[in-house]
Amino acid sequence: MKRAHGLITGAVLAAAMSTALATGAAAQTIKIGVNEPLTGPFAASGTYVVNGAKIAADEINAKGGLLGRKIELVIEDNKSNPTEAAAVAEKLITGDKVPVIMGAWGSSLTLAVMPKLMEYKVPMVVETSSSSKITTSGNSYIFRISPPSSVEATEFKSIMPSLGIKKADFLVINNDWGRGSAEDFGKIMKAQNIQVGLVEIMDQAAQDMSAQLAKIKATDSDTIMVTTAVEQLTLVLKQAAALGITKRIVTTGGSQNPDQLIEQAGAAANGSMHLTTFAPWYPDKTPDPAATKYFLGEWKKRGYAIAGATESFRGYDGIRTIANAIQRAGKAEPAAITDALWTTDFPGLNGQIKFQKQGPTGKESGQSMPNLYLIKIENEKIILSGS
C-alpha cells in the first residue's frame, strides 16, 4: 500500500510539474488574438488572412521574437457570423488573456466585436473591413490598416475620368460593407455628375444573382459597381456573362483575389476591373519591394496559391503592425499597446502604416491610408492600370 501510495504521489507530482512547465512556457509567449472567418461564406478570405499572419509570426520569432519572448497567435474561427465574432472576441480577451487582437475580416463582423473592445479596453488592428462606421462611431480601441469605403471611393475619384463612366448601377452584398460601399461610391459619383441608377442587393449566402443582373442589364448604365467576397463575385461574373451583359464591371473592397477569379471564372472574368490595395504581380511598384518579395517568397514556399496573396498580405501587415507596437511599448499590456499604436510609422506592403484620428473628439479611432491600385483582367491576365 505504501508503495502504491508513493507511486500515486509521484504521478501527481509529475503531473503538477508538467502543468507548471506548460504554464511557464505559455507565460513566456506573447499572445496575439486572431479573430477571422475560417468557415462560412467568407472562409477562403479568412484563411488567406490567417496564413499571412502565420508568415509574419514565424518571421518575427525567427528574429528572436518580441521583448525576449516568442509571439503566439491564438486563432479563432468567427464562422462568418457577427454573433460568433463577438463571442470569439470575449473568449480571446477573458479566456486566453490576449492583450491585443487582429480581426475580424468583414465589416459586420468587426462592428459586432467593437463593443467588446470598449468593454474590456483591448485594442484591435482591423486588417480588412471597409465600412466607414468602424472608424467614425467612437471606438478608441480600433486601428484600421485597410481603407474604408469612403477613402477608397475618394481615391477612385481620380480614376473615374479615364473610365468615362456616365451612369453606374450597384450590386452589393447585403451587409454593412456592401451597403456602405454603395453609399460612399454613390456620393462621389453624384458629386462628379455621374448618374447613379439601381442599387441591387444580394444576401451573402446567395448563389443565384440572375434576377438582379437581369434588371441591371435592362438599364442604360455603362458600369456595374460590385461589392462582395470573391466566392460570390465568381458567381456574379459567370452569371453576367451567361446573360450577355457587356457593361463594365468594377469591384470595390480593396482586394478581390483576381488570380482566383481567373482560375474559377475563366473567360467570364475578362474585362472586369478591380480596386486593390496590393499589387503582388508588380512587386517593384509596391512601396517596399524587398518586403513584398520576401512575403511572396514565403507564401510560395509554403505551397499557397498566388491567388491568396491579395488577401493574405493583410494578415501579414496586421501582425507586423501589432508587433511593432508591442516592441515600442516595452510590454504586452492592452493600454501600453493602444498608446504605442498611435505612434506607429513603418512601411507596410501597401504603403506607410501610420494612424490618423477619425471619429468623435476624445473617442477617435485610428485609420491608416494605404495605396490604391486599379487592375484589369485581360485574356485571363492581370494588367495594372498605367503599366
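The values are calculated or read from the model by the stated rules, or taken from the named source; none is laboratory data. Nothing here was measured: the structure is a model prediction, and the numbers come from that model. Here the Cβ is made from the backbone with ideal geometry for all residues, glycine too, and neighbour counts use every protein chain on show. Accessible surface is based on the protein model in full, side chains and every heavy atom, while ligands, DNA and RNA are left aside. Shrake-Rupley method; radii C 1.70, N 1.55, O 1.52, S 1.80 Å.
Write down the Kirkwood hydrodynamic radius of the range 62-124, to one decimal in angstroms, obtained as one divided by the mean of 1/r over all alpha carbon pairs.
Across the range 62-124, the inverse of the average 1/r is 12.3 Å.
Taken per residue, the accessible surface of the chain reaches 40 Å², heavy atoms only and a 1.4 Å probe. Between the beta carbons of GLU90 and LYS215, assuming R0 = 41 Å, the FRET efficiency works out to 0.45 to the nearest 0.05. Taking a label point 7 Å from the Cα of ALA205 along the Cα→Cβ vector, which residues of the range 37-80 have an amide N closer than 19 Å to it? Within reach of a label on ALA205: 37-46, 77-80.
Pick out which of SER131, SER221, SER140 has the largest mean-square fluctuation in a Gaussian network model of the chain, springs linking Cα atoms closer than 10 Å. Result: SER221 has the largest fluctuation of those listed.
Highest mean packing comes first when the peptides 105-112, 277-284 are listed by Cβ atoms within 10 Å, giving 105-112, 277-284. Listed by chain and number, the lysines whose alpha-carbon sits under 23 Å from that of LYS376, ignoring those within fewer than 8 places in the same chain, are LYS157, LYS166, LYS167, LYS217, LYS238, LYS247, LYS285, LYS293. Only protein heavy atoms count here; on that basis, with a 1.4 Å probe, LYS354 has an accessible area of about 110 Å². Computed extension length for ASN61-GLU333: 96.0 nm, one decimal, from 0.36 nm per residue of separation with the Cα-Cα distance subtracted.
How big is the shadow of the Cα convex hull of the range 96-216, averaged over all directions, in nm²?
About 8.8 nm², averaged over all directions.
Note on the range 205-290: Cα Rg divided by 2.2 N^0.38 Å, N the number of residues, gives 1.17. Taken as entire DSSP H runs, the helices of the chain that both span 27 Å or more between Cα atoms along their own long axis and average -0.5 or more on the Kyte-Doolittle scale are 2-27, 43-62, 309-329.
Bridging of LYS31 to lysines at a Cα separation below 25 Å is possible for LYS54, LYS63, LYS70, LYS79, LYS91, LYS97, LYS116, LYS121, LYS331, LYS354, once same-chain residues fewer than 8 apart are set aside.
For the range 150-276, the spread of Cα coordinates along the three principal axes comes to 35, 28, 27 Å, biggest extent given first. In the range 150-276, the portion of solvent-accessible area held by carbon and sulfur atoms comes to 51 percent [1.4 Å probe, whole percent, DNA, RNA and ligands not counted].
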